[in-house]
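What follows is one structure encoded as structure tokens, with my remarks underneath.
All of the numbers you see were taken from the coordinates with simple rules; none came from a lab. Nothing here was measured: the structure is a model prediction, and the numbers come from that model. Note that we place each Cβ from the backbone using ideal geometry, even for glycine, and neighbour counts take in every protein chain shown.
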Amino acid sequence: MSFVIPICSKQISYLLYNDGTHELQVHYHNGETKSFTSVTKEIFDSLVQSENRYDDFVQFMVSAK
């Protein structure tokens, strides 16, 4: 099953999480897409519950490198 998280950002449109493959896709307003694999449901849930999804996602991206 896939879940969409809207992001209030000038760059990022939304995040799409597939709990079957544990893949998190970032969809940018310019049409670009970036994928992160092996993203746990716990990480996804923390983004869903976050009061500042953009900042928390940026922190996730930095730690994923």
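Per DSSP H run of n ≥ 4, the term is -39500 (n - 2.57); total these for the chain, divide by its residue number, and report the mean residue ellipticity at 222 nm rounded to 500 deg cm²/dmol.
-9500 deg cm²/dmol
Which net charge results for the neighbourhood of V62, defined as the other residues with beta-carbon distances under 13 angstrom from its beta-carbon, given Lys and Arg at +1 and Asp and Glu at -1?
Numbers: positive: K65; negative: D55, D56.
Combined, the nearby Lys, Arg, Asp and Glu give -1.
Tell me the relative contact order for the range 2-64 as a rounded percent, counting alpha carbon contacts under 8 Å between residues six or more apart. Display every interim value, and only then the final one.
Numbers: 85 pairs, mean separation 14.7, N = 63.
RCO, the range 2-64: 23 percent.
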